[in-house]
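Below: one structure, written as structure tokens.
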């Protein structure tokens, strides 16, 4: 997959657990896990916005394009 | 959520499918018995459940006899198998979340069976034309082969539905993996 999800890196930087992020963003643990492991096929803008708000970062910090 | 009317229709469909399946199994078995008796003991054929007597054809042209029975038996057996798959599908199908891989595969399988039955019937109709001069017997055999055009049309429609259903499964899968 050309798009890599760096959610775990940002979570580690902010010292935030998956449970905590799940509660703050309002996503289920299984959905967050799908995103974190790179199994997700798409991400909604609303989800991305909520994650960026909670982790205080830019979408580019979470998603990365690798050729 | 499945409405009460849908639930009722589904139960009725299941019952109808079971009745047709049992009927088709009986017909296929009866035709098989008929075939065995026509070969080994032709005098008894007139007393059997399906009174299709092809013993004259057997005496005159064995190749035509076997060819006719091949079409009749294979169509009858395939019809029973088709309804076995229909029953399996009806028992497996969950109307609240119908888009699953196994249901999609079963619908495709049903379309293949329907198309094969239609094509066999069509080839059978054409091939018996030259063997039977007696129109009554020809008509009787045609009833066993079924309405091939209808089966081909039905098979094509089911195949189109199956392809659309497959797309639906892919869309549901994508939707499930959208966060």
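On inspection, residue B:146 does not qualify as more than 14 Å from every other protein chain (Cβ to nearest Cβ), surrounded by fewer than 17 Cβ atoms within 10 Å (Cβ to Cβ), touching a residue at least 60 places away in the same chain (Cβ under 8 Å) and more than 16 Å from residue B:65 (Cα to Cα).
Here residue B:103 does not fit the description of being within 14 Å of chain A (Cβ to nearest Cβ) and touching a helix residue (DSSP H, G or I) at 6+ places or on another chain (Cβ under 7 Å).
Taken together, A:61, A:67 contain a single residue that is more than 10 Å from chain B (Cβ to nearest Cβ), assigned to a helix (DSSP H, G or I) and either exposed (fewer than 11 other Cβ atoms within 10 Å of the Cβ) or out of contact with any strand residue (DSSP E or B) (no Cβ under 8 Å at 6 or more places or on another chain) (or both), which is A:61. Residues in region B:125-136 include at least one that is touching a helix residue (DSSP H, G or I) at 6+ places or on another chain (Cβ under 9 Å), in contact (Cβ under 8 Å) with a residue 24 or more places away in the chain and buried (at least 20 other Cβ atoms within 10 Å of the Cβ). Within region B:113-124, does at least one residue satisfy the condition of being without any contact (Cβ under 8 Å) to a residue 24 or more places away in the chain, out of contact with any strand residue (DSSP E or B) (no Cβ under 6 Å at 6 or more places or on another chain) and more than 14 Å from chain A (Cβ to nearest Cβ)? Checking region B:113-124: not a single residue is without any contact (Cβ under 8 Å) to a residue 24 or more places away in the chain, out of contact with any strand residue (DSSP E or B) (no Cβ under 6 Å at 6 or more places or on another chain) and more than 14 Å from chain A (Cβ to nearest Cβ).
So for region B:95-104 (the condition being at pLDDT 80 or above, in a helix (DSSP H, G or I) and farther than 26 Å from residue B:19 by Cα), does at least one residue qualify? Checking region B:95-104: at least one residue is at pLDDT 80 or above, in a helix (DSSP H, G or I) and farther than 26 Å from residue B:19 by Cα. Filtering region A:39-58 to residues that are exposed (fewer than 13 other Cβ atoms within 10 Å of the Cβ) and either touching a strand residue (DSSP E or B) at 6+ places or on another chain (Cβ under 7 Å) or more than 12 Å from chain B (Cβ to nearest Cβ) (or both) leaves A:42, A:44, A:49, A:53, A:56, A:58. For region A:1-34, a residue qualifies if it is within 12 Å of chain B (Cβ to nearest Cβ) and under 15 Å from residue A:60 (Cα atoms), and the qualifying residues are A:5, A:7.
Is it the case, given these coordinates, that residue B:122 is surrounded by 14 or more Cβ atoms within 10 Å (Cβ to Cβ) and in a helix (DSSP H, G or I)? In short, yes.
The values are calculated or read from the model by the stated rules, or taken from the named source; none is laboratory data. The model shown is predicted, which means the values in this text are computed figures rather than measured ones. In this analysis, Cβ positions are derived from the backbone assuming ideal geometry, glycine residues included, and neighbour counts consider all displayed protein chains.
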